[in-house]
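Notes follow once the structure below has been shown.
The values are calculated or read from the model by the stated rules, or taken from the named source; none is laboratory data. Predicted, not measured: the structure shown is a model, and the values here were computed from it. Because the Cβ atoms are built from the backbone with ideal geometry, glycine has one as well, and the counts that use them run over all protein chains shown.
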Amino acid sequence: MGMKSIRIKQMEQYIMEHDLVSMEELRSKFNISMNTVRLDVAQLVSKGAIRKVYGGVCSNQKDNLVPFEERQAKNVQGKIACGMAAAKLVEDGDIIFIDSGTTTMYIVDYLVECKSVTAITHNLNVINRAIAIPNINLICLPGTLERKTNSFASADTVRALEKYNISKAFMASSGVTHNGMVTNASPLEYEIKKAAIAGSHQKILMIDSSKYGKSGMLTYADLSEMNKVIIDEEVNPALLSLAEKKNVETIIASFPKA
């Protein structure tokens, strides 16, 4: 078997293992030119092993975007801990953006002590949680409901979000790679996240410890663009080192006591 055949076989296996991979990630992983990546990918697509999606490729074995409810059930204690820690950063009068995610939504449950806070979101779970808290001035972004993310997403969502001056954006991620790429798996969410980052004074990434070392299809930011990262106490020490190198403050959230 020639070197090219070996590489293509390895590339196919890598995509199958990771489900959703960007073209840039393949270029970096296999240390080849982007033109070679495109040629290799075209061969795998013709074989039927993978399919091209916006910004990358994915396995044909299964759907890549795991339903919200399934993701919500993983590492619940870690996510709650991150929500508690994030809420402590919110001050009276803040205008905050709460991204769509299974970790970010828990911040709402701990905002009861704020006298007044404006929360902007496009996530249905966040909206439902915030309705019960009178001190939250809730701004719901428009769009069409994407059921796998439980969020509203469209070009109108982005345009509406761009109007606001946001004090703090609490961002979600499908995974943070070993070199600090902050990724997401939904093309519909990509532009919304980019707009939130651009319009916020402080950017705060909230991830549970299982997200480090994983990658979604699209990279919407580098870890260095964040002011803080909140993660539960089972954090990989490598992430702490990476955040330090990128001058990002790390907040380790302790699990809630029983």
Next on the checklist: Step by step: first the residues of region 142-178, then only those that are in contact with a His (Cβ under 7 Å, 6 or more places away or on another chain) and small (Gly, Ala, Ser), then the one that is nearest to SER200 (Cα to Cα). Which residue is that?
Outcome noted: SER167
Item to check | All positions within region 128-153 that are on the phi > 0 side of the Ramachandran plot and polar (S, T, N, Q) | outcome: ASN150
Checklist entry - Considering region 117-172 alone, what residues qualify as being of a type in the set (D, E, K, R) and touching a Ser or Thr at 6+ places or on another chain (Cβ under 8 Å)? => result GLU146, LYS148, LYS168
Checklist outcome for this item: Expected output for region 97-126 (first residue over 11 Å from MET171 (Cα atoms), partner among the charged types (D, E, K, R) and part of a loop (DSSP other than H, G, I, E, B), Cβ below 6 Å, 6+ apart or cross-chain) is CYS114/ASP92; LYS115/ASP92; SER116/ASP92; VAL117/ASP94
Checklist entry - Applying the selection to region 178-200, what residues are of a type outside the set (A, V, I, L, M), more than 26 Å from PRO237 (Cα to Cα) and out of contact with any Lys or Arg (no Cβ under 7 Å at 6 or more places or on another chain)? => result SER186, PRO187, GLU189, TYR190, GLU191, LYS193, LYS194, GLY199
Checklist entry - Checking LEU205 against (1) modelled with pLDDT of 95 or more; (2) not assigned by TED's automatic domain parsing to the domain that holds PHE152, which test does it fail? => result (2)
Checklist entry - So GLY83 fits all but one of (1) modelled with pLDDT under 90; (2) touching a helix residue (DSSP H, G or I) at 6+ places or on another chain (Cβ under 9 Å); what number is the exception? => result (1)
Next on the checklist: Can you say whether ALA221 is in a helix (DSSP H, G or I), free of Cβ contacts under 8 Å to residues at least 60 places away in the same chain, small (Gly, Ala, Ser) and closer than 18 Å to ILE96 by Cβ, as far as the supplied structure shows?
Outcome noted: no
Checklist entry - Exactly one of (1) buried (at least 16 other Cβ atoms within 10 Å of the Cβ); (2) of a type in the set (Lys, Arg); (3) at pLDDT below 95 is unmet by LYS257. Its number? => result (1)
Next on the checklist: Every residue in region 147-169 that is crowded, with 20+ Cβ neighbours inside 10 Å and over 14 Å from ALA196 (Cα atoms), please.
Outcome noted: THR149, ASN150, SER151, PHE152
Item to check | Qualifying positions in region 1-38 - surrounded by 14 or more Cβ atoms within 10 Å (Cβ to Cβ) and either among the aliphatic types (A, V, I, L, M) or outside any helix (DSSP H, G or I) (or both) | outcome: ILE8, MET11, ILE15, MET16, ASP19, LEU20, VAL21, SER22, MET23, LEU26, ILE32, VAL37
Next on the checklist: Suppose the filter is closer than 18 Å to LYS246 by Cα, in contact with a Cys (Cβ under 9 Å, 6 or more places away or on another chain) and buried (at least 17 other Cβ atoms within 10 Å of the Cβ); does ILE197 pass it?
Outcome noted: no
